[in-house]
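Here is the structure we will look at, set down as structure tokens.
The values are calculated or read from the model by the stated rules, or taken from the named source; none is laboratory data. The model shown is predicted, which means the values in this text are computed figures rather than measured ones. Ideal geometry is used to build each Cβ from the backbone, glycine not excepted, and the neighbour counts take in all protein chains shown. Just the protein is used for accessible areas: all its heavy atoms, side chains included, with ligands, DNA and RNA removed. Shrake-Rupley method; radii C 1.70, N 1.55, O 1.52, S 1.80 Å.
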Amino acid sequence: MSGYLDAASSEPLHPVARETLRSAIEAGYADPRRLHRAARQARMQLDRARETTAEALGVRPDEVSFTGSGTEAVHRGLLGLRTARRRAGDRVVHAAVEHSGVLHAARWAGPVEDVGGDGSGRVDVEGLLHAAGRPGVAVVALQSANHEVGTRQPVAEVAARLTGVPLFTDARASMGREPLPDGWSAAAGSSHHWGGPAGVGVLLVRKGVRWTSPFPPDDRVDERTTGHEDVPAVLAAAAALQAVVAERDEVAARQRRLVDRVRAAAAALPDTEVVGDPVDRLPHLVTFSCLYVDGEALVHALDARGFAVASGSACTSSTLEPSHVLAAMGALTHGNVRVGVARDTTADEVERFVAVLPEVVAGLRAEVGL
């Protein structure tokens, strides 16, 4: 789709994923637990996908599990570490800017403690480590990079300084796009974020880490998951991941140039704040907030001009709450737009976007008498 600038929510299907899905769908329908020929073929495809994913991420094949979504991978990863540590404690310590999937899982399980950070969205390392050192802490959660503003988190530094407490990392925003950080005990990714099919999550659990399923067990191929794996989709996800990793340096450099152009154009608008770290960030996304502008109205106005963007402001949330990420950063929580350039976003598309942006913002402000 020309003008699609919401790749931070979901990347369009990679051509490799489309082709793999088309060829695999005729051979991957059987239950890989069974012993007949069709099942053995499905099991071979599942094992191949696991090996491909492991190679792309730099982990062991037996550390890789496939789930029904990235959110499920988050829940299983985080809560599995917590369940395995129930004798030591039940508290989850996490950064205040974590994705809602992490926050909901942590609060569902028991007591939590959130730790703030700086104005770029980076967690307070000393505060996080201090909270993690208190009695009764079962697990610490720290994302690889923020899903709303792109700021990378100091995962490796935190992991190196944690003592006896496992670290869960939500890597959905960065997996495939960048190498995984060091030091995590369990991590989660989501296929649709790197151009694979939706409905495939990746759960990574380090060999030797204590992990216990927090949910009822299921007699499946992989004891860390439940249900019948969608083998063709898993295979397509792995193929897309392999392709994305192979091309990511070139793609990231191009996307960073495009996002820098959007950042500069947004910063030039009156009463507009560009949020997130300007340098130490994911290459493909940027968020900016426009004072005196309704976020939903801005999304609709840009959509009418042919541009798909996201907004985390209160008016687009079913709970009528502002973005907890922007609130934790002390940033403007209304009138914000997140732009996520896709793998095939062109410079021409970005130039057209930055050309209409000032006119759209000015028009919406004029409607409210500004």
Starting with the highest mean, order 232-245, 112-125 by the number of other Cβ atoms within 10 Å, averaged over the residues of each peptide. 232-245, 112-125
Modelled FRET efficiency - R0 45 Å, residue 271 with residue 51, Cβ distances, 0.05 increments: 0.30
Would you mind checking the tilt of helix 37-57 against the longest principal axis of the Cα atoms of the chain, expressed as 0 to 90 degrees and rounded to 10? 50
The chain, accessible surface, carbon-and-sulfur percent (1.4 angstrom probe): 51
Helix 70-84 sits at what angle to the longest principal axis of the chain, using alpha carbons and giving 0 to 90 degrees rounded to 10? 60
Cα centroid of region 15-45 to Cα centroid of region 273-306, whole Å: 41
Under the 0.36 nm per residue contour assumption, what length would be gained going from the current alpha-carbon distance of residue 18 and residue 292 to full extension? 94.4 nm
For residue 113, residues with placed amide H under 5 Å, excluding near neighbours: 92, 93, 94
Beyond 31 Å, what share of the Cα-Cα pairs of the chain remains, rounded to the nearest whole percent? 37
Any idea what angle helix 231-267 forms with the longest principal axis of the chain, computed on alpha-carbon atoms, 0 to 90 degrees, nearest 10? 20
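Multiply the residue separation of residue 250 and residue 347 by 0.36 nm, subtract the distance between their alpha-carbon atoms, and state the gained length in nm to one decimal.
33.5 nm
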Quick one: check the C-alpha center-to-center distance for region 93-153 versus region 227-264, whole angstrom. 26
Phi angles of region 336-347, converted by Karplus (6.51 cos²θ - 1.76 cosθ + 1.60, θ = phi - 60°) into ³J(HN,Hα) in whole Hz with x for Gly and Pro, give 9, 9, 10, 9, x, 6, 8, 4, 10, 5, 9, 4
If you take every DSSP beta bridge whose two residues both sit in the chain, what share of them, in percent to the nearest 5, is antiparallel? 55
For the chain, what is the relative contact order in percent, using Cα pairs closer than 8 Å and at least 6 residues apart in sequence? 23
